[in-house]
Every structure is written in C-alpha cells, then in structure tokens.
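Single-structure report; data block below.
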Amino acid sequence: MTRIILLTSGKGGVGKTTIASNLAYALTELGEDVIAVDANLTTPNLGLCMGIPLAQHTLHDVLRRETKLRNAVYMHPYGFKLIPASMSIKDLGGVDVGRLPSVTLSLLGQADYVIMDCSAGLGREATSAIAAADEIILVTNPDLPSVADALKTANLVKKLKKRIIGVVVNRIKRKEYELSKEEIEGLIEAPVIAEIPEDVEVARSIAAKRPVVDYNPNSPAAVEIRRLAHKLTGRPFKYRRPKNFRILERLIGWMT
Ligand code: ADP
Ligand code: MG
C-alpha cells in the first residue's frame with residue numbers, strides 16, 4: 001500500500017523541505033521504496049536540496065499536460081525517485097494545481113511512500129497539495145507565529161477530511177521562551193511525533209546539497225529525523241552514539 005504523506009506548515013522557513021528531503025532518504029535507508037514530490041510550485045527547492053536543480057521534465061510540465069508523469073520521475077543516486085518542480089518563473093503559466101490529486105493518485109502502487117513537500121501559506125497551491133495527500137505532517141518551530149499558522153493549517157486539513165499523523169517541531173534550541181511540546185500539542189490538538197533540534201549540520205548539509213541524514217548521520221537533527229522515519233514505519237529505533245562520541249562524553253564527565 002502506498003502512503004502519500006505531505007509535509008506542510010502554513011508558515012514558510014520552518015523546515016518542510018529539509019525534513020521532506022531527509023525523510024525521503026531516511027526511509028530509503030530503511031529499505032522502503034520512496035518517491036519524493038516537489039509540490040511547491042511557486043518556490044520549489046526540493047530538487048536544489050537534493051542536488052538536482054535542473055530537470056528536463058518537471059511536475060509543472062505534467063500539470064500543464066505537456067508531458068506524461070513517468071517522464072518527470074527521476075531516479076536519485078540516493079536510491080529514491082524524485083519528481084522535481086521547475087525553478088523557472090515562466091513555467092508557472094498554464095499550470096493547473098487542481099490536477100495535483102490526480103498526479104498522486106497515479107502514483108498509488110508505485111512506491112511504499114510518496115513524500116510531498118509544498119509551499120507555505122494556505123492558498124490554492126497548498127490546499128491542492130493537502131487534497132493530493134492522505135496523511136499530513138504539520139511542521140512548526142517552537143514559537144507562537146509558526147504554531148498559529150500550523151493550527152490554521154490543521155483546521156484546513158480537518159475540513160478536507162485528511163488525517164494528521166502529527167506535528168514535527170523543528171529548530172528547537174531548548175530556550176525558556178520556546179513553546180514546550182505539551183503547549184504545542186494543546187494548541188494544535190495533535191501529537192508531537194518528532195522534536196528536531198537546531199543543528200548547524202543542517203545548514204552545512206544544505207550547502208553540500210546532501211541530506212543531513214547522509215552528510216552527518218550522527219548529528220542531533222539527523223538522529224531525530226531517522227527516529228521519525230522509524231516511527232512512521234513502525235520500527236523500533238535504538239540509537240547508540242558512535243564509540244568515539246561516548247569516550248568524549250565520559251572524558252567530559254570526568255573533567256566536570
Ligand atoms: P521551509 O521548506 O519550511 O520553507 P526549509 O526546510 O527550507 O524551510 O528551511 C529553512 C531554513 O532553515 C534552511 O536554510 C535550513 O538550513 C534551516 N533549517 C531547517 N531545519 C533546521 C535545523 N533543524 N537546524 C538548523 N537549521 C535548520
Ligand atoms: Mg520549502
């Protein structure tokens with residue numbers, strides 16, 4: 001059975017693309033068959049994050065009925081498939097976003113997971129992306145503006161009768177002014193399924209055009225994204241830090 005999962009948020013810049021690209025890779029590492037879809041048609045960057053910024057055929061061409069979907073499916077060197085969007089502004093003309101659900105429908109049976117990234121906001125583009133998915137992951141940061149936008153998105157998701165899997169809280173700095181997991185769960189009325197820390201390795205991995213899960217699998221953000229991938233597949237996640245990390249920790253423990 002194919003699970004079509006959308007990462008959405010309302011607010012921009014909270015980490016949808018980062019988590020979508022890393023989740024696609026982490027699920028692939030677990031042996032799952034994955035298709036990543038860049039359903040962010042106005043400001044796409046999933047392909048950029050995955051090192052494939054320019055593709056001959058894109059989701060835009062498919063939505064304009066200029067090419068068949070199979071022509072816009074690329075095998076990524078990391079082992080998953082990618083349906084990229086066009087980075088060119090002139091490709092926005094004639095695109096029918098309302099066709100997104102029919103695109104994902106035709107992906108049923110072609111993978112274990114379809115992981116979709118989408119645009120910020122709650123306009124037609126983001127709404128069509130929600131309509132095209134079966135399950136929704138809300139991405140937020142632990143601050144009031146992002147949680148307020150995630151809540152609005154959750155209400156839209158409920159209206160469209162789609163299932164919210166849960167909330168991913170990203171860029172946690174463990175500061176006293178941040179909203180806690182319990183506060184976020186209370187506001188959005190959905191469980192927090194992952195807490196991803198602020199991690200400089202994420203920015204480094206993006207510069208290297210690689211998912212942080214591959215760039216530095218033991219970095220704090222990568223570990224939490226891998227934990228999320230395990231959770232989605234129902235596998236237990238037993239993380240053991242590499243030996244040199246543990247020795248360093250013990251040394252610091254002795255010295256302090
Ligand atoms: P969105 O797709 O929601 O607009 P992005 O995934 O593009 O957000 O992330 C926005 C920025 O935040 C990126 O520059 C990325 O490097 C940074 N970022 C995302 N998650 C983290 C994290 N856990 N730690 C540090 N930086 C992060
Ligand atoms: Mg994005």
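Quick notes on this structure:
- Less than 5 angstrom separates the built amide H of Asn170 from those of Thr140, Asn141, Ile196, all sequence-distant by 5 or more or on a different chain.
- Two-decimal log10 I(q)/I(0) for segment 1-124, as the Debye equation yields it once each C-alpha is a single scatterer, q = 0.15, 0.20 Å⁻¹: -0.61, -1.14
- 9 Å beta-carbon shell around Cys118, net charge (K/R +1, D/E -1): -2
- Net +/- balance of residues flanking Ala20 in space, Cβ distance below 9 Å, scoring K and R +1, D and E -1: -1
- Two-site FRET efficiency, Met255 against Lys152, from Cβ-Cβ distance with R₀ of 45 Å, rounded to 0.05: 0.40
- Rounded to 10°, Cα long-axis angle of helix 144-159 versus longest principal axis of the chain: 50
- Part-to-part distance (alpha-carbon centres) for segment 115-157 and segment 19-86, which is given in Å: 19
- Here the Karplus curve 6.51 cos²θ - 1.76 cosθ + 1.60, taken at θ = phi - 60°, turns the phi angles of segment 187-200 into couplings of 6, 8, 6, 8, x, 7, 9, 7, 10, 9, x, 4, 8, 4 Hz, with x standing for Gly and Pro.
- The reciprocal of the average 1/r between distinct C-alpha atoms defines the Kirkwood hydrodynamic radius, which for segment 16-65 equals 11.8 Å.
- In the chain, the calculated helix contribution to ellipticity at 222 nm averages -11000 deg cm²/dmol per residue, counting -39,500 (n - 2.57) for every DSSP H run with n ≥ 4.
- Order of Phe80, Phe237 under a 10 Å beta carbon neighbour criterion, fewest first: Phe237, Phe80
- For segment 37-51, putting each phi into the Karplus relation 6.51 cos²θ - 1.76 cosθ + 1.60 with θ = phi - 60° gives couplings of 10, 8, 8, 8, 7, 8, 10, x, 8, 5, x, 4, 5, 9, x Hz, in residue order, rounded to whole numbers and with x for Gly and Pro.
- On Cα atoms only, tilt of 16-29 relative to the major axis of the chain in degrees: 80
- Placed amide H near Ser86: partners under 5 Å, 5+ positions off or other chain: Leu59, His60
- Placed amide H near Met116: partners under 5 Å, 5+ positions off or other chain: Ile5, Leu6, Leu7, Val37
- Whole-Hz ³J(HN,Hα) from phi, Karplus 6.51 cos²θ - 1.76 cosθ + 1.60, for segment 172-178, glycine and proline x: 7, 10, 6, 9, 5, 7, 7
- Three-way shape call for segment 91-143 based on the alpha-carbon gyration tensor, with the a/c threshold at 1.5: oblate
- The chain - percent relative contact order, Cα under 8 Å, separation 6 or more: 24
- Direction-averaged projected area, Cα convex hull, segment 92-193: 7.5 nm², rounded to one decimal.
- If the chain linking Asp96 and Lys231 were pulled fully straight, counting 0.36 nm for each residue of separation and taking away their Cα-Cα distance, it would gain 45.2 nm.
- Those residues of segment 150-167 whose amide nitrogen sits under 19 Å from the label point placed on Lys181, 7 Å along Cα→Cβ: 165-167
- When each of the peptides 166-173, 106-113, 142-149 is scored by the mean number of other C-beta atoms lying within 10 Å of its residues, the order from highest to lowest reads 166-173, 142-149, 106-113.
- Translational D in µm²/s for segment 207-250 (Stokes-Einstein at 10 °C, 1.306 mPa s, Kirkwood Rh from C-alpha pairs): 137
- Per-pair calculated FRET efficiency, R0 = 30 Å: Met75 and Asp134 via Cβ, rounded to 0.05: 0.80
- Neighbourhood net charge (12 Å Cβ-Cβ; Lys/Arg +1, Asp/Glu -1) for Leu105: 0
- Cross-link pairs beyond the 20 Å C-alpha cut-off, checked among Lys209/Lys231; Lys68/Lys209; Lys173/Lys231; Lys152/Lys175; Lys16/Lys175; Lys16/Lys173: Lys209/Lys231; Lys68/Lys209; Lys173/Lys231; Lys152/Lys175; Lys16/Lys175
- Cα→Cβ-extended label distance, 7 Å offset, between Asp112 and Arg124, nm: 3.7
- Two-decimal log10 I(q)/I(0) for the chain, as the Debye equation yields it once each C-alpha is a single scatterer, q = 0.14 Å⁻¹: -0.91
- Label-point separation in nm, Lys209 to Leu105, each point 7 Å along Cα→Cβ: 3.6
Every number in this text was worked out from the coordinates using simple rules, so none of it is lab data. From a predicted model like this one, the values you see are computed outputs, not experimental measurements. All Cβ positions, glycine included, derive from the backbone under ideal geometry; neighbour counts span all protein chains shown.
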